[in-house]
Amino acid sequence: MLERLSRILAITAIAGAVAGCHSAPSGTACNGHDQLCARPYDQVVFPGTHDAYSNAAENFGAPDQSYPMSRQLADGVRVLHLEIYDDAGVVSLCHSVCAVGSKPLLDGFKEIRTFVAAHPREVVTLLMESSQVSSDRIAQAMKASGLQAFVHPQALGAPWPTLAELVNQGDRVVVFLADMTATGGPSYPWLLDRWKWTWETPWNNKTAADFSRCDADRGTMGNDLYVVDTYLEDLLLPTVEQAKRVNTNPFLSDRLAHCQAVAARLPNFVMVNYYEVGDLFHDVDILNGLAPPTGDDLDAFPPDWNDASASLPDGGATDGGATD
């Protein structure tokens, strides 16, 4: 425990020192910040969107986001979570039931490729999973979209390149896939086995207390990249108001600081619903040492949403059962 606390204090001290030299992005910046260029990929924190394709603007039913992936990327999102299904023979992005919303994977890859090609100093990550579509078919869509020209091959156990190295090499798209089809197929050095590389907190969070869980629900704790899921799940209809509960400080900053303390390491991918609500980008800057750290009160985390004295970030009283 003392060793863990020492590591957290050291990270906080570094964050404060780096924040003091924070400057505006330049033509040599990586992901918008000069300070990130020299950092290895696995030592950077990236803002991400859960079910990135599922958005209200494109008329998905029960969307988890407001805007299309192109807008998300333009706004600063750098990790896109994608679920891939076979929708009547078409490899598509959808969430379990494609009838309530579906987008051809090829179109999604083209959308991402357009952004990446137009922003040569941005590193983007795709966090994908498929229970129906083999890696072969996904690779075919990647090649057909033109996005494959930007992907990064990484050998398991090899040190990660810095963001500047990824930028200079031109392979600025890091792709992880959890292939649950058990169909085999050729190996692609750029299609990284998600659960060999990442580990992820429990995703099925329905109450405030659930967000105290920071252990590995999927993947193995200690893998290169730490994914912190911070969104309410198992809801009939995700809403902006529900997202506000967990995306807004102090809840979000406390959640991230809590998981950083529990794991004794920096979160890499911070995944949320309705990313435009709350403090996602600010808190990622804090973790990257680009903004002053907040005075997190971890003794008060998680709050009790069933407590009548508790309040939502907008000051409204909780209803106790809204997240069940």
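Read-outs throughout are calculated quantities, based only on the coordinates presented, and are distinct from any laboratory measurement. Computed from a predicted model, the values in this text were never measured in an experiment. Neighbour counts run over all protein chains shown; Cβ positions are idealised from the backbone, glycine included.
Report the calculated FRET efficiency for K110 and Q132 (r = Cβ-Cβ distance, R0 = 25 Å), to the nearest 0.05.
On the way: r = 21 Å, r/R0 = 0.85.
After rounding to 0.05, the efficiency reads 0.75.
Could you compute the FRET efficiency for L156 and E58, with r as their C-beta to C-beta distance and R0 at 41 Å, rounded to 0.05? The formula returns an efficiency of 0.70 here. Projecting label points 7 angstrom from Cα along Cα→Cβ for V90 and M221 puts them 4.3 nm apart.
Please list, by residue number, everything in segment 30-68 whose backbone N is under 18 Å from a paramagnetic label point 7 Å out along Cα→Cβ of V240. From segment 30-68, the list is 50, 54-68. Label positions at A74 and D304, each projected 7 Å from the Cα along the C-beta direction, are separated by 4.6 nm.
Where does the charge balance sit around V116 when Lys and Arg score +1, Asp and Glu -1, over other residues with C-beta under 13 Å from its C-beta? Within the 13 Å Cβ shell, the charges total +2.
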